[in-house]
1. May I ask you to list the residues in the range 123-155 that are closer than 15 Å to Asp183 by Cα, assigned to a loop (DSSP other than H, G, I, E, B) and touching a Leu at 6+ places or on another chain (Cβ under 7 Å)?
2. Looking only at residues in the range 112-122 that are assigned to a strand (DSSP E or B) and not hydroxyl-bearing (Ser, Thr, Tyr), which one is most open to solvent (accessible area, probe 1.4 Å)?
3. For Met104, indicate whether it is open to solvent by less than 70 Å² (accessible area, probe 1.4 Å) and either within 23 Å of Arg24 (Cβ to Cβ) or within 29 Å of the chain's Cα centre (by Cα) (or both).
4. Against the definition (over 25 Å from Leu175 (Cα atoms), open to solvent by 60 Å² or more (accessible area, probe 1.4 Å) and not in a strand (DSSP E or B)), how does Asn66 come out, yes or no?
5. Within the range 81-89, is there a residue that is outside any loop (DSSP other than H, G, I, E, B), touching a residue at least 60 places away in the same chain (Cβ under 8 Å), among the hydroxyl-bearing types (Ser, Thr, Tyr) and touching an Asp or Glu at 6+ places or on another chain (Cβ under 8 Å)?
Amino acid sequence: MVFLAIQFSFNMFDHPMPRAFQNRFSTQYRCYSVSMLAGPNDRSDVEKGGKIIMPPSALDQLSRLNITYPMLFKLTNKNSDRMTHCGVLEFVADEGICYLPHWMMQNLLLEEGGLVQVESVNLMVATYSKFQPQSPDFLDITNPKAVLENALRNFACLTTGDVIAINYNEKIYELRVMETKPDKAVSIIECDMNVDFDAPLGYKEPERHSQHHEEPTEEDTDPSNYEMDLGFRAFTGSGNRLDGKKKGIEPSPAPIDPSDIKRGIPNYEFKLGRITFMRNYRPQTRRMEEDDAGTSFIAFSGEGQSLRKKGRKP
């Protein structure tokens, strides 16, 4: 029995490690924002996407592993138990250091020089995603789907719960990833993904006032209750004489009689989407109808005339 136990333990340690553990990249780096990256070139392009910059030793280690492409990584802050996913842009960072976009450090609750765990992962291809703008200003964009599609070209993957930042017209818009399918973390490289938007944070829909049609009362139909039009009235100005006298030049406009004001009759049978052309129609009297009936047109009922008189021959 002892021999068998020793033999079993020996075979266990001698057994090769599974292939999944051999192909797994896992290490820890101190992370800094892209603004701390040394160099003459401006690397603001890193802030516009979801990819990080890693040291050259990571590329050397990844090349020895039989990992799948594209390279996708899971970032974890063990102190706050926050995690996200990203791609890699370049391998030019100093050893032991990686550079992250500022919005990604905010999601992970990381400070400058904090430790982050980087692990290689394989993600499913995205088919659907839903975003919620964090400000109503996002509604000012004419075509938000086209703007988001162009911005997501700099991203490699999406994680549900992250707040990503996109730059448009020199303004940064933040969007929260509300939902992703078929998994909570998906790859968006070379995919056909449907995008939907939720109502922006703090957005209030405008109030709609219902229109009630009220029938006019007797007081409304009284012309004396109408307000007088105090606007422009023709020939109401004053004139001046050449000799300077002011006799007989005072204007005397004719007063407006309230009975002259005519009020239109509303169309109570109005229906939305229907145009009705009103015409001034006066019904004809019964007498006029009888006259028309007596003088109605009858074909071939006229009489002919001749230029010479007809008479008997002598």
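The values are calculated or read from the model by the stated rules, or taken from the named source; none is laboratory data. This structure is a prediction, so every number in the text was calculated from the model and none was measured. Neighbour counts are summed over all protein chains in view; Cβ atoms, including those assigned to glycine, are modelled from backbone coordinates with ideal geometry. Side chains are part of the model used for accessible areas, which takes the heavy atoms of the whole protein and leaves out ligands, DNA and RNA. Shrake-Rupley method; radii C 1.70, N 1.55, O 1.52, S 1.80 Å.
1. The answer is Leu123, Ala126.
2. Among those that are assigned to a strand (DSSP E or B) and not hydroxyl-bearing (Ser, Thr, Tyr), it is Leu115.
3. Details: open to solvent by less than 70 Å² (accessible area, probe 1.4 Å): yes; either within 23 Å of Arg24 (Cβ to Cβ) or within 29 Å of the chain's Cα centre (by Cα) (or both): yes.
For Met104, the condition - open to solvent by less than 70 Å² (accessible area, probe 1.4 Å) and either within 23 Å of Arg24 (Cβ to Cβ) or within 29 Å of the chain's Cα centre (by Cα) (or both) - is met.
4. Details: over 25 Å from Leu175 (Cα atoms): yes; open to solvent by 60 Å² or more (accessible area, probe 1.4 Å): yes; not in a strand (DSSP E or B): yes.
Answer is yes for this residue.
5. Yes, the conditions are met somewhere in the range 81-89.
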